[in-house]
Amino acid sequence: MIPFRLSFESGISLYEQVVYAAKKAVISGQMRPGDPFPSVRALSKALKINPNTAHKVITQLVSEGLIEVRPGLGTIVAELPASTAAERSSLLKKEVEELVVEAQRLGLDLDEVTAAIARHWARLGDRLETAPATNTRRRE
């Protein structure tokens, strides 16, 4: 099992999609510093991708300082410098654009979209606050 979500899209290389999904999981706090990161073999098997592609993904994440290889421990999520709100929100660029396009298609105005987001935010926020202590998502 891999510790991040990924849905493959046509037209974008598998390598880029896996790197992006892993970055998103690390930067968003879904994966925390010290958490184990899948090996090349585990990543390849779980995602059904070529081991060379999995190796390239891990090499890229190591070079960006998101994960590190520790002898005897394996590959783990690295301690990251604090990310800015702009960096975190840029992770949602595609999703925000899709939301705006769909809202405009439905004829919603900005106030209606904002209200809908606020309702969902509050509903999900309640779930996160009452979730068991094993929940590792960071709230900021």
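Some observations on this one:
- Screening Leu61 on (1) modelled with pLDDT of 90 or more; (2) farther than 15 Å from Pro3 by Cβ shows it passes everything except condition (2).
- Condition check for Arg32: at pLDDT 90 or above and in a loop (DSSP other than H, G, I, E, B): yes
- For segment 28-46, the tally of residues that are surrounded by fewer than 17 Cβ atoms within 10 Å (Cβ to Cβ) and within 12 Å of Glu79 (Cα to Cα) stands at 5.
- Failed item, numbered, when Gly65 is tested on (1) under 18 Å from Val18 (Cβ atoms); (2) outside any loop (DSSP other than H, G, I, E, B): (2)
- Residue match in segment 62-75 (condition: among the hydroxyl-bearing types (Ser, Thr, Tyr) and open to solvent by less than 50 Å² (accessible area, probe 1.4 Å)): yes
- Leu47 being touching a residue at least 12 places away in the same chain (Cβ under 8 Å), more than 19 Å from Ser7 (Cβ to Cβ) and touching a helix residue (DSSP H, G or I) at 6+ places or on another chain (Cβ under 7 Å): no
- Assessment of segment 46-54 against the conditions (part of a loop (DSSP other than H, G, I, E, B) and touching a Lys or Arg at 6+ places or on another chain (Cβ under 7 Å)) yields no matching residue.
- Cβ-Cβ contacts under 8 Å between residues 6 or more apart (or on different chains), taken from a first residue in segment 85-106 that is open to solvent by 70 Å² or more (accessible area, probe 1.4 Å) to a second residue that is at pLDDT 80 or above and not in a helix (DSSP H, G or I), are absent.
- The set of residues in segment 47-61 that are among the hydrophobic types (A, V, I, L, M, F, W, C) and either within 21 Å of Ser90 (Cα to Cα) or open to solvent by 50 Å² or more (accessible area, probe 1.4 Å) (or both) comprises Val57, Leu61.
- Of the residues making up segment 1-27, just one is open to solvent by 80 Å² or more (accessible area, probe 1.4 Å) and in contact (Cβ under 8 Å) with a residue 24 or more places away in the chain, namely Met1.
The values are calculated or read from the model by the stated rules, or taken from the named source; none is laboratory data. For clarity, every value in this text was computed on a predicted model and none was experimentally measured. Because the Cβ atoms are built from the backbone with ideal geometry, glycine has one as well, and the counts that use them run over all protein chains shown. Areas reflect the complete protein model, heavy atoms only, side chains present, ligands, DNA and RNA absent. Shrake-Rupley method; radii C 1.70, N 1.55, O 1.52, S 1.80 Å.
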